[in-house]
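Asks: One structure, pasted below without further comment.
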Amino acid sequence: MSTRSMPNNKKVVLIDTDAGIDDAWAILMLLAAAKENREINVMGITCVHGNATVDQISLNVLRTLESCKVEIPVYKGSSSPLIDLDENYKRSWRPFFGTDGFGCAEHDDAPDLKVIKEENAIVALDRIVNEHKGEVSLLCLGPLTNIALAIRTFPCFVQNVKEIIIMGGNYKAVGNTTNCAEFNFHADPEAAYIVLNSAIKHKVLIPWETCCQVPFSLDWRDNELGACNNKAIELMNRVEQPLRSKPTFVDWMPCDQLVSAVLLQPEVITESEMTHLTVELHGQYTRGQVVLCRKHVLPPNTLLVKDINKELFAQLLLKIHNL
C-alpha cells in the first residue's frame with residue numbers, strides 16, 4: 001500500500017521482538033485492536049536474539065500469528081548483540097521463559113518456516129520506514145540490536161521514523177538480570193545506547209520499574225484474561241503453564257504488553273517525564289543500566305513512562321478475547 005493511499009487515521013506499525021511470552025501477548029493486543037477498529041496496520045514483525053535464538057524467536061512469532069489466523073510478513077534479524085562481552089553472565093543465565101522463550105510447552109504441530117521472508121530484518125525495517133516516511137511507529141519488545149543496526153546502516157532511517165516505543169531499561173537502578181540492569185538493555189547495551197542517543201524525534205521508554213507497578217493477580221489472569229476458548233488464549237495458557245512452578249511466579253506481571261497499550265491509547269500513561277536518558281557501557285557492576293540526567297543539564301531525548309492506568313490497561317488486554 002502506498003503512503004498516499006493510507007488513511008489519515010491509520011497507525012502504521014513495525015514490531016521488533018525477541019518473542020517470549022510477554023511479547024506474544026503484546027502482539028495479540030495489536031492484532032485484536034486491528035480486528036476491532038482497523039486503526040492498526042502491522043506492516044511487519046522483525047525478530048532479534050534475546051529470549052531465545054533468532055530462529056526460535058521466528059518460530060514463536062509464526063505460532064502466535066497462526067493462533068489467530070493472521071498473515072503478517074516476518075523477518076529474521078540479528079542473532080547476537082553488537083559486542084558480546086559478558087561471558088560469565090552467559091554461562092550462568094537461566095532463561096525465565098524457558099530455552100525456547102515459550103515455556104518449552106508441547107505443541108501439536110509446527111508452523112511452516114518457509115513463510116519467513118528472505119529479506120533481512122534490518123533491510124526490511126529501512127525499506128518499510130522509507131515507504132511510509134513519517135508514519136511508522138516502531139514497537140521494540142526485545143534487545144535493540146536490529147534498530148541500532150538500521151540506524152547505523154541507513155542514514156535516513158532516523159528521520160523517516162515517526163516514533164519508537166521501547167520496553168527496556170530502568171531509571172531507579174533496579175535490575176532483573178543483574179543488580180542494576182534490565183534484560184533487554186543488558187542483552188545489548190551498545191544497541192540501547194545508540195537508539196537512545198539517536199535523532200529519532202519521538203522516543204518513549206517503558207522501564208522495568210514501571211512494569212513492576214502494574215501486576216495482576218493470578219486469579220485475574222486465569223479467570224478473566226484466560227477464561228476464553230479462542231486459539232490465541234489457548235496458546236498463551238499453554239505456554240505460560242510451565243512457568244507456574246517457578247517460585248517467583250506469584251502474580252502476573254506484564255512488560256511488553258505495556259508497549260502495545262501506550263501505542264493504542266496514549267492516555268493509559270498517568271505519569272511521565274521528558275528527560276535525557278543514556279546507557280552505561282563500561283561499569284563493572286552497572287553495564288546496561290540506564291542513566292537519567294537528574295540535574296537537567298542535558299537536553300531531553302526520551303519520554304520516560306513512570307506509571308500506567310491499570311484499569312484501562314486491563315480493558316485493552318481483554319480485547320484479545322475478540323480474536
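Asks: Among 26, 121, 56, whose Cα lies farthest out toward the positive end of the dipole of the chain, if unit charges sit on the beta carbon of Lys, Arg (+1) and Asp, Glu (-1)?
Replies: The Cα lying farthest towards the positive end belongs to 121.
Asks: Roughly what % antiparallel, to the nearest 5, for the DSSP beta bridges in the chain? Don't jump to the answer; show the numbers that get you there.
Replies: On the way: 10 of 37 bridges.
For the chain, the DSSP antiparallel bridge percentage is about 25.
Asks: Can I ask one more? Where a Cα-Cα gap under 15 Å defines reach, which aspartates and glutamates qualify for residue 114, not counting those fewer than 8 residues away within the same chain?
Replies: Counting by Cα, and skipping residues close in sequence, residue 114 has these aspartates and glutamates nearby: 55, 66, 71.
Asks: Calculate one ³J(HN,Hα) per residue across the stretch 226-235 by plugging θ = phi - 60° into the Karplus curve 6.51 cos²θ - 1.76 cosθ + 1.60, and present them in order as whole Hz with x for glycine and proline.
Replies: Running phi through 6.51 cos²θ - 1.76 cosθ + 1.60 with θ = phi - 60° gives x, 8, 8, 9, 6, 5, 5, 5, 4, 4 Hz.
Asks: Could you pull out the GluC sites (Glu not before Pro) across the stretch 119-160 that fall in loop regions by DSSP (anything but H, G, I, E, B) with no more than 16 other Cβ atoms inside 10 Å? Present the calculation step by step, with values, prior to reporting the outcome.
Replies: Values: sites: 119, 131, 135; in loops: 119, 135.
Answer by residue number: 119.
Asks: Next question. Okay, helix-only estimate at 222 nm for the chain: each DSSP H run of n ≥ 4 adds -39500 (n - 2.57), divide by all residues, round to 500 deg cm²/dmol; what do you get? Mind showing how you got there, number by number?
Replies: Working: 12 runs with 106 residues, N = 323.
After summing the helix terms and dividing by residue count, I get -9000 deg cm²/dmol.
Asks: For the stretch 97-143, run through the trypsin sites (Lys or Arg not before Pro) and keep only the ones in DSSP coil with at most 15 other Cβ atoms within 10 Å of their Cβ. Kindly include the intermediate steps, with their values, before the conclusion.
Replies: Details: sites: 114, 117, 127, 133; in loops: 133.
Qualifying residues, ordered by number: 133.
Asks: On a straight-distance basis, which lysines could pair with residue 10 in a cross-link, Cα separation under 17 angstrom, same-chain partners fewer than 8 positions away excluded?
Replies: 35, 133, 162
Asks: Between residue 318 and residue 39, what's the calculated FRET efficiency when r is the beta-carbon distance and R0 is 25 Å? Round to 0.05. Display every interim value, and only then the final one.
Replies: Values: r = 18 Å, r/R0 = 0.71.
It comes out at approximately 0.90.
Asks: In Å, what Kirkwood hydrodynamic radius results for the chain from the alpha-carbon pair distances?
Replies: Numbers: mean 1/r = 0.0510 Å⁻¹.
It works out to 19.6 Å.
Asks: Show the residues, 5+ positions off or on another chain, whose built amide H is closer than 5 Å to the amide H of residue 19.
Replies: Correct list: 48.
Asks: Can you give me the relative contact order of the chain as a percent, contacts being Cα pairs under 8 Å and 6 or more apart? It would help to have the intermediate numbers written out before the result.
Replies: Values: 674 pairs, mean separation 66.1, N = 323.
RCO, the chain: 20 percent.
Asks: Grab the beta carbon distance between residue 120 and residue 10, set R0 = 35 Å, and tell me the FRET efficiency rounded to 0.05.
Replies: Numbers: r = 26 Å, r/R0 = 0.74.
So the FRET efficiency works out to roughly 0.85.
Asks: Within 9 Å, Cβ to Cβ, of residue 148, how many net charges do the neighbouring residues add up to if Lys/Arg are +1 and Asp/Glu are -1?
Replies: Neighbourhood net charge equals -1.
Asks: Mind listing which trypsin sites (Lys or Arg not before Pro) in the stretch 250-323 are in a DSSP loop and have 12 or fewer other Cβ atoms within 10 Å? List each step's numbers first, then the result.
Replies: Working: sites: 287, 294, 295, 306, 310, 319; in loops: 287, 294, 295.
Passing sites in the stretch 250-323 are 294, 295.
Asks: Still on this model: Starting from the amide H of residue 291, placed 1.01 Å from N in the peptide plane, find each other amide H under 5 Å away whose residue is 5 or more places distant or on another chain.
Replies: 278, 279, 280
Laboratory data are not the source of any read-out in this text; all were calculated from the coordinates shown. It should be emphasised that the depicted structure is a prediction, and the values quoted were computed from it without experimental measurement. Here Cβ is always computed from backbone atoms with ideal geometry, including for glycine, and neighbour counts include all displayed protein chains.
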